[in-house]
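J.: Below are the structure tokens for one structure; questions will follow.
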Amino acid sequence: MNKHVKVFSGSSITANRLGQLLNQIEVPFLIKDNKEAGRVAGFATLGDSVDIFIYESDVKKAEETIHNFKVEINEEE
């Protein structure tokens, strides 16, 4: 079975941008919006509110794209 791994946590705006980049290289992903889930459940969350997960088997394929994205938003050097 193919499991998911978290590759990014951040704002919904930056997560959506990474999602666009993953679409371009045809890597399927899941977005977990913790802030929206908390709102629906009646409580708030703090900090990074959106997580992106990809299949473990796609990590190699997406590695360069994710790294370049994080450099672009100044999370990595």
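J.: Neighbouring Cβ atoms within 10 Å as the yardstick, rank VAL59, VAL50 fewest first. Mind showing how you got there, number by number?
T.: On the way: VAL59 13, VAL50 21.
With the fewest neighbours first, VAL59, VAL50 line up as VAL59, VAL50.
J.: Determine which lysines satisfy two conditions relative to LYS70: a Cα distance under 21 Å, and not lying fewer than 8 residues away in the same chain.
T.: List returned: LYS6, LYS32, LYS60, LYS61.
Values quoted throughout were computed directly from the atomic coordinates according to the rules given, and no laboratory measurement underlies them. Since we're looking at a predicted model, the values are computed, not measured. Positions of Cβ are backbone-derived with ideal geometry, glycine not excepted, and every protein chain shown enters the neighbour counts.
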